[in-house]
Amino acid sequence: MTAASKNTNTPSRASHSRGYGMTAAKHAYAGTMAVLNGGFVEPATTATGLIAVGVFQAEYDNSNGGDGDLLATVERGIFRFANSTSTDAITTAEIGKACYAVDDLTVAKTDGSSARSVAGIVDDVDDSGVWVLVDPTSGVLA
């Protein structure tokens, strides 16, 4: 292989969906951030050790079930979440950097004194929120 010397049509995937077993006693809403906790998926919260994997594609209620009793479909990709506030608000200066999960709808600039897990990589910021690339490999880059 050599470096490009002309335009190329690089194959790409716009998004990727897959199913994960859901954590016991959890309830998730469609369109909210999904994280792995011990190998099972649940809504994002302020916690460490979680791995953001995407956004829930439907509402999933495993409130009365055990780990893995319910299969939840999650989509990876770039999604808009609410921006944190005050000194933890994300600006265009953070594009390309990691951001952190505050809850299943909100991201912040910092890890909250080591209290938050990586949500993904900031792709853009606008008046409506923060566009975040959510993929399980994003935490490795933080």
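Taking H placed 1.01 Å from N in the peptide plane, check which residues at least 5 places from residue 41 or on another chain put their amide H under 5 Å from its amide H.
21, 22, 23
So what's the gap between the Cα centers of the stretch 53-99 and the stretch 103-123, to the nearest angstrom?
10 Å
The stretch 79-142: which trypsin sites (Lys or Arg not before Pro) are DSSP loop and have at most 15 other beta-carbon atoms within 10 angstrom?
97
Report, to two decimal places, the Cα Rg of the stretch 1-84 normalised by 2.2 N^0.38 Å (N = number of residues). Provide the component values of the computation, followed by the final result.
Numbers: Rg = 16.6 Å, N = 84, 2.2 N^0.38 = 11.8 Å.
So the Cα radius of gyration is 1.40 times the expected 2.2 N^0.38 Å.
Check cross-link reach from residue 97 to the lysines: straight Cα distance under 18 Å, and skip same-chain residues fewer than eight apart.
List returned: 109.
Which order results if 113, 15 are arranged by neighbouring Cβ count within 10 Å, fewest first?
Fewest-to-most Cβ neighbours within 10 Å comes out as 113, 15.
Taking θ as phi - 60°, what are the ³J(HN,Hα) couplings along the stretch 102-118 by the Karplus curve (6.51, -1.76, 1.60), each to the nearest whole Hz, with x for Gly and Pro?
8, 7, 6, 10, 10, 10, 9, 6, 10, 7, x, 6, 6, 9, 10, 8, 5
Loop-only check: which GluC sites (Glu not before Pro) in the stretch 1-110 are DSSP coil with at most 10 other Cβ within 10 angstrom?
none
Taking the dipole about the Cα centre of the chain, with the C-beta of Lys and Arg at +1 and of Asp and Glu at -1, give me whichever of 58, 95, 35 is farthest to the positive side.
Of the listed residues, the answer is 95.
Using 5 Å bins from zero, what percent of all Cα-Cα pairs in the chain falls into each bin?
It works out to 2, 11, 20, 21, 17, 12, 8, 5, 3, 1, 0, 0, in whole percents.
Considering only DSSP beta bridges with both partners in the chain, what is the antiparallel share in %, to the nearest 5?
Around 90 percent of the beta bridges assigned by DSSP in the chain are antiparallel ones.
With the chain treated as a Gaussian network of Cα nodes joined by springs under 10 Å, which of 63, 114, 84 yields the largest mean-square fluctuation?
Checking each option, the largest mean-square fluctuation is seen for 114.
Springs between alpha-carbon atoms under 10 Å, Gaussian network over the chain: tell me which of 40, 79, 56 tops the mean-square fluctuations.
Per the Cα network of the chain with a 10 Å cutoff, 40 tops the list.
What residue among 70, 36, 50 shows peak mean-square fluctuation when the chain is described by a Gaussian network model with Cα springs under 10 Å?
Looking only at 70, 36, 50, the biggest GNM fluctuation is shown by 70.
Please report 85, 8, 110, 23 as a ranked list, fewest other C-beta atoms within 10 angstrom at the top and most at the bottom.
Ordered from fewest to most neighbouring Cβ atoms within 10 Å, 85, 8, 110, 23 come out as 8, 85, 110, 23.
Values in this text are rule-based calculations from the coordinates and carry no lab data. Please read these numbers as outputs of a predicted model, since none were measured by experiment. Reconstructed Cβ throughout: ideal geometry from the backbone, glycine too, with neighbour counts over all protein chains shown.
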